[in-house]
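Here's the structure we're looking at; comments come further down.
The values are calculated or read from the model by the stated rules, or taken from the named source; none is laboratory data. All figures in this text were calculated on a predicted structure; none of them were measured in a lab. Neighbour counts run over all protein chains shown; Cβ positions are idealised from the backbone, glycine included. Side chains are part of the model used for accessible areas, which takes the heavy atoms of the whole protein and leaves out ligands, DNA and RNA. Shrake-Rupley method; radii C 1.70, N 1.55, O 1.52, S 1.80 Å.
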Amino acid sequence: MDTDALARYCESLWNARAAINATMDEIARYVAPDRQGFTSGKLDASDEGRDKIWDSTPEDAALTLASALHGMLTNPATEWLALELMGLEQETNEETDEFLQNVNKAMLAVFSDADTGFQQEVNTFYMDLVCFGWAVFLCEMKDGKGLRFRAVPPSQCALAENSDGRVDTVLRRWTMTPGQMAEEFGADALSGQVKDALEGRNQSKTFPVSHLVAPREKMPGDLQLRTGRRAKKTAREAAFVSVYFETQNKNILREGIFLELPYMVPRWGKRSGEVYGRGPGHSCLPDMRVLNRVAFSQLVGAEKLADPPLLVADDSAVGKIKTHAGGITMYRPMSSQGEEIRQLPVTYQLDVAEVVLEKRREAIRAAFLNDRIQLAGGPQMTATEVIARERKQNIVLGPVLGRLESEFLGPMSGRVFLLLYRGGALNPPETLEGRDLRARYLSPIGRAQRQGEAEAFSRALEYLAPAAQADPTILDNFDFNAAARDSREMFGFPREYLRSEEEVEKIRQARAEAQAEAAMAAQLAAKAGI
């Protein structure tokens, strides 16, 4: 590989992100101070970035939205993902159904397993998404450890899109100690400088490392794998090329391939032509600026009212006016009645500042959808009212769900399925050869949208009820079996509660036979005069 061309390409990706760095760091300063680092690289380990933040409303509002997304989209207590075969919706096959159920259980077990790190990392991922408008989530297969998930700080990443507007290139830059590099890549792959630090036991020193994943046609130069002929053939067929290298001296640490992009990079929303997303943090950035400034001013005013500055007479000098709390200003008295100590006049209306603060807090909470995702209303609501309110709140996030499905949930579920399949954890029957799978998301948001369809169907039945009393055959226009089977996805009850179509057909046949036998027995009894 041409390492000079590789370094130039990575540097161009990194420099292209410079236009958003200042905005990203300003948003992080108010919403997630510990996620700064776009401009400076990283914060000091002893500095949490909150020393000049005077109101925690933005951070709290973002945490509320991130937690709501986790609970609505990837809640470990619910079955939020289901796989189905395209083109076979109307077919009934017990072997196929059993395989799909086993796949669903296997994939949900991966997402719920503490060893994979999904539940621990996905909440951080959602926080990045609502804060910056874009986030980076890594799904990889670690040797000897299995599937692992990680929320990568956006400040470490630079992106590029393909012609369809999908992220297909990710560059990540971060630092590692010599010990970490030796554990991850092996001591033989390290440069002489890193080896010297490793052998000198200078474990506190860190070195910058870069990881580039890009489509083969975008990579500068050809990938030369240090493996056998079979691996080289697979590399030529691979969709994505992966290169780890030491950023400063361009030493290649590891080369590899990916059949799917291991990084999922969803955007909350974005303008045409933009690569990086925009989120709630962008829309309420002016409000966050005002909130922090007024909150600081209120604290200063309250301190002055509690400990006002003083005027102290002095015949020999006139000191500089000190208006801070507890400040003492020297002055010459205007009369000969004697020197006195008095307060410097301070006027500050705390109630006015509080009104301004509350307005800004409400605007920030609204930008982070807190007013829509938190249940509103009095304590006397009925269960039906609660369900209706929750459904309306879930529908609000429908547009966000569409982008998350296409840029996060879809690619992630597809990659997990293929990793399990290639690892031999799944054994599909021969009848499924050549068929395409698709994921259907059974999250509360998706169910809320489907429940709207159920309500429309219910209203239609109410409208036709008077006519159905006069002519019951009108109801033959509706497929109530389809409505009954769709109810599981609408309301989320366990799969075991719903019988298969084969079982339903057997029960109906048995019922029909029993009714026929009963009718025959009644006819025979009538003929016999019993």
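Extending 7 Å from Cα along the Cβ direction at GLN180 and again at LEU475 yields two label points whose distance is 6.6 nm. Largest accessible area first, the listed residues TYR497, TYR276 line up as TYR497, TYR276 when surface is computed with a 1.4 Å probe on the assembled protein chains.
With a ≥ b ≥ c the root eigenvalues of the C-alpha gyration tensor of the range 60-156, is it rounded (a/c under 1.5), prolate (a/b larger than b/c) or oblate? Since a/c reaches 1.5 and a/b is larger than b/c, the shape of the range 60-156 is classed as prolate. Backbone N atoms of the range 145-179 closer than 18 Å to the 7 Å Cα→Cβ label point of THR39 belong to residues 154-157. For the residue pairs LYS145/LYS195; LYS218/LYS250; LYS506/LYS527, alpha carbon separations beyond 23 Å are given by LYS145/LYS195; LYS506/LYS527.
Spin-label model, LEU461/TRP54: points 7 Å from Cα along the beta carbon direction are separated by 5.9 nm. Taken per residue, the accessible surface of the range 132-187 reaches 37 Å², heavy atoms only and a 1.4 Å probe.
Among residues other than LEU13 with Cβ under 11 Å from its Cβ, the summed charge is +4 (Lys and Arg +1, Asp and Glu -1). Largest first, the residues SER242, SER163 sort by 1.4 Å accessible area into SER163, SER242.
Here is the P(r) of the range 154-200: all C-alpha pair distances, binned every 10 Å from 0, give 23, 32, 25, 16, 4 in whole percents. Surface calculation, 1.4 Å probe, protein heavy atoms: TRP174 sits at approximately 40 Å² accessible.
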